[in-house]
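Written below as structure tokens is the structure these notes are about.
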Amino acid sequence: MELEECDVRGAVVADKGEGAVLTSWAAEDLGKKGDNYMSSVKRVKAQVTIGGREEQLTYVAKVKMGFSDAFKEFSNIAFFKEHEFYTKLLPELNGVLAEAGLNPLRIPKFYHYRKSGEREILILEDLTARDFLLDDRKKGFDIPHMSLALEELGKFHASSYLLQQKTPHEDLSEKHKFLGIDWSNYCETPGQDMATYMAKELDTAAAVAESCPGYENVARWLKEIQPRFTDIFAELSKSRAPFHLVWHGDCWTNNFLFRYNAKGEPIDVMMLDLQCCQKGSLAADLLMLIYLSISTESRRHNLDLFLQEYLSSFSATVTAGGLPSPFTLEELREEYNAKFIYGALMGAVFIPVVIGDAEDTPDYSQVDDDMGKFLDERRKQVLDMLNRNPLLRERMCGLFDDCIEKGVVSPC
């Protein structure tokens, strides 16, 4: 599933027009192990001639990785969703923002897509050429990084609210069918989907809880809900107006890039990877972002600040579109708390992925049709991480404490 010259040529033409002639190109891996999981991401350097003038262009190519049946369908739908988002939904979201006198969403430009059998390619703008960088996923966002991420997330959600209000009698997921596909319904093969994998990963989270004194009840709870995991997620994905919006679906540290000033302070943000976007509660994005992308201490001390900053961005966007803000801070807080278990389960499954070093990164391409061996080895790896990575213990115990404090689990 390698990048081919016709893909690069397609991106160049989309970017610079038919008069641009591709003379040579090369591709190199972008990022390091642990930065990407569903795609092989490459920087493409293209030498072109435009009107007799030589120019070098760079792009980012997302190349679908080879997976067994355990993840193949998820990978297929992820690429399908992102292509549909870029070519059909994003122009409409940016359209309502333009009508409101606002700038478009901070999302990389789309140039090229090709699918041939199992081979699938997306080519996008190279944001590193504009000095955008990843933040440290292990350290997590500080307040300035989080504020920028929440500002863009609020604008993204609000743009879908404005778009939905233009056709109040037709849900966006009826027009854009891909928004109705989620982890609980995309796969027709029982046991071969991401939700099944995530449910089984709760055994690893339970093993972590058992290894941390005082959290035995958390371990029992995680084991008890495992058979109902998919149903729980499906139920939590439902929401009521006005919170039922288009959400990102994969909101965590590595899906935001930042640009910095001379002092090293973040001053701009871009949002990436719309491979899981769907309709659901906006609180799901907030919970995933907050539980996977900031420290326990920051979550406890700054949650009200974060919700207020998100609401300020959301309300400003909606107001610019000529509508009143549809909910208050207190109503947003209620929705966030009502969906808390979503954040707890996402954290239980993915905090070990976010906190791990490069050598601890799970290689999902190695998951065969029988997940058992992979999951057993992964459980041993996470428990070993627990002994040598203090940050993992701190973040997981912080999550377990929240489950107890919110009354989801009784204290031991």
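The values are calculated or read from the model by the stated rules, or taken from the named source; none is laboratory data. Every value quoted in this text rests on a predicted model; they were computed, and no experiment measured them. Here Cβ is always computed from backbone atoms with ideal geometry, including for glycine, and neighbour counts include all displayed protein chains.
Show the residue pairs meeting these rules: Cβ distance below 8 Å; 6+ apart or different chains; first residue within the range 160-180 and in contact (Cβ under 8 Å) with a residue 40 or more places away in the chain; second residue of a type in the set (Val, Ile, Thr) and assigned to a loop (DSSP other than H, G, I, E, B).
Close Cβ pairs satisfying both conditions: none exist.
Considering only the range 184-210, state which residues are more than 17 Å from PRO362 (Cβ to Cβ) and at pLDDT below 95.
Across the range 184-210, the qualifying residues are SER184, ASN185, TYR186, CYS187, GLU188, THR189, PRO190, GLY191, GLN192.
Give LEU286, LEU303, LEU282 a once-over and let me know the one that is more than 30 Å from LYS175 (Cα to Cα) and either under 14 Å from the mean Cα position of the chain (by Cα) or of a type in the set (A, V, I, L, M, F, W, C) (or both).
After applying the criteria, what remains is LEU303.
With respect to LEU323, determine if the residue is in contact (Cβ under 8 Å) with a residue 24 or more places away in the chain and outside any helix (DSSP H, G or I).
yes
Looking only at the range 131-148, how many residues end up being assigned to a loop (DSSP other than H, G, I, E, B) and closer than 14 Å to LEU272 by Cβ?
3
If you check LEU3 against the conditions, is it over 20 Å from the mean Cα position of the chain (by Cα) and modelled with pLDDT under 95?
The answer is yes for LEU3.
I'd like to know if the range 282-296 contains one or more residues that are of a type outside the set (A, V, I, L, M), in contact (Cβ under 8 Å) with a residue 12 or more places away in the chain, more than 27 Å from ASP402 (Cβ to Cβ) and out of contact with any Leu (no Cβ under 8 Å at 6 or more places or on another chain).
For the range 282-296, residues of a type outside the set (A, V, I, L, M), in contact (Cβ under 8 Å) with a residue 12 or more places away in the chain, more than 27 Å from ASP402 (Cβ to Cβ) and out of contact with any Leu (no Cβ under 8 Å at 6 or more places or on another chain): absent.
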